[in-house]
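Let me begin by presenting the structure, written as structure tokens, before commenting on it.
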Amino acid sequence: MVGAIILSIIIGIAAFFIHPLLYIGLALMGLIGWQRVRREREHFHTRVLRIRADYVVPFLPGLIAGSLLSLVTIVIGLTVSIDWLWLLLIVYLLTIVTMNIRWISPAYVGAFMIGVVLLAPFVTTGWPWFDERLQSASQIPVLVIMYLTVLLLSAEGMLIAKRGGSFSSPVVVRSKRGKWVGFHRVKRLWLLPVVLFIPEGAIPTFSFWPILTVAGVSLQPLVVPFLIGTDFKIWSSLPKVVSRKVGNQVLGLALTLALIVCITWYVPWLSVLFAIVAIVGREGIHLMAKIKDRSSTSLFTNQGTGCKVLGILPGSPAEKMGIKIGETILRVNGKMVNNEYSFYEALQENSAFCRLEVIDKAGEVRFAQGALYDGEHHQLGVLLVKEDHELQDSVI
């Protein structure tokens, strides 16, 4: 019996690896990484992180989030159908083809799924096979979609709050006044493996496959990939600070939707309100964060005194000296600096070693020093907002 259960778990996990959404998600992660690296090379003549970082960075958080959600879905026995899973795939594809990563959010996907399921009885496409699948998918209770939306939106909030600001990508552009300014872009796609159940017999299985029986119905476990995307720009603050605020707001939206779910038990038509609040709420969080950020003074600009650190190359001497994004480097080797040109000139005072005077994010002065020629790094590894007088290499 134990061996049968283990084999059942292995087969359930195998379903994850044959799901098309897994490979679509992996391809999209690669595209995000390629676009990021190309942009970073264009702006700084180097990449901050390799393309594989867009796979590695979100991997463990997505796995942990999916595992936690699976504990809930297993306990409540969340059951769907094969046709419902195909409908979910189609809705995901419709959001993906827009190439707007932030639309790959449980708020939008869940709301669209509710809309399709509610309208399915009144829709006829003229394609018998598709119409049959659509009608079959619509038999799954709308509450199932609402449960999943709340769970996945909670995961989105936690992922953005805890991991959204990590390894953000620095960007430089010209402001309306023609000056160079910098910002950070948080663009990430998480892949969550979540356990769902389908009724026994929905797919060919072994006789010992069912491992859970609810109300006399034998259920079969499947591990289903879910995608969660986010994409926003940060101009006036630090990436981790803004990500934490946005993540907490998304968690607040998930709590609001959970309350609507409780009421929907007694007032079924509120599922429509659920979908509206999900879309309007998530879009509102994005727009309000954008408006508030852009209405404040840009953090990463060339200033009269010192150089604001826009980015740090991983493994560089700057990272080993503890230089952080958002700090201001006031002096290099005893010389005052105020742009990348003066920074570079001061750095040449000692080609093998440098001493920095840094103003940290609390406004306090500290000193950092270290060797420049460490390993393969022949630069300090600090990314600054460039000036019209460009250096041959924008990395200091």
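The values are calculated or read from the model by the stated rules, or taken from the named source; none is laboratory data. Here the structure is a predicted model, which means the values were calculated and not measured. Glycine also receives a Cβ, built like all others from the backbone with ideal geometry; neighbour counts cover every protein chain displayed. For accessibility, only protein heavy atoms count, side chains too; no ligands or nucleic acids. Shrake-Rupley method; radii C 1.70, N 1.55, O 1.52, S 1.80 Å.
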Matching residues, region 97-129, being over 29 Å from the mean Cα position of the chain (by Cα) and either of a type in the set (Val, Ile, Thr) or exposed (fewer than 14 other Cβ atoms within 10 Å of the Cβ) (or both): Leu119, Pro121, Phe122, Val123, Thr124, Thr125, Gly126, Trp127, Pro128, Trp129
Is it true that some residue in region 34-45 is of a type in the set (Val, Ile, Thr) and in contact with a helix residue (DSSP H, G or I) (Cβ under 8 Å, 6 or more places away or on another chain)? no
If you check Val91, Val72, Val57, which single one turns out to be surrounded by fewer than 20 Cβ atoms within 10 Å (Cβ to Cβ) and either more than 20 Å from the chain's Cα centre (by Cα) or outside any helix (DSSP H, G or I) (or both)? Val72
Mind checking which pairs have a first residue in region 1-26 that is at pLDDT 70 or above and a second that is in a helix (DSSP H, G or I) and among the aromatic types (Phe, Trp, Tyr), Cβ under 7 Å, 6 or more apart or different chains? Leu21/Tyr92; Leu22/Phe16
With open to solvent by 10 Å² or more (accessible area, probe 1.4 Å) and among the small types (Gly, Ala, Ser) as the only criterion, which of Gly178, Gly182, Gly164 stands out? Gly178
Would region 333-350 turn up any residue that is buried (at least 16 other Cβ atoms within 10 Å of the Cβ), touching a Leu at 6+ places or on another chain (Cβ under 8 Å) and within 25 Å of Ser243 (Cα to Cα)? no
Going by the conditions given, is Ala318 buried (at least 18 other Cβ atoms within 10 Å of the Cβ), over 25 Å from the mean Cα position of the chain (by Cα) and assigned to a helix (DSSP H, G or I)? yes
Residues satisfying the stated conditions in region 284-315, i.e. without any contact (Cβ under 8 Å) to a residue 60 or more places away in the chain and within 23 Å of the chain's Cα centre (by Cα): Gly284, Ile285, Leu287, Met288, Ala289, Lys290, Ile291, Lys292, Arg294
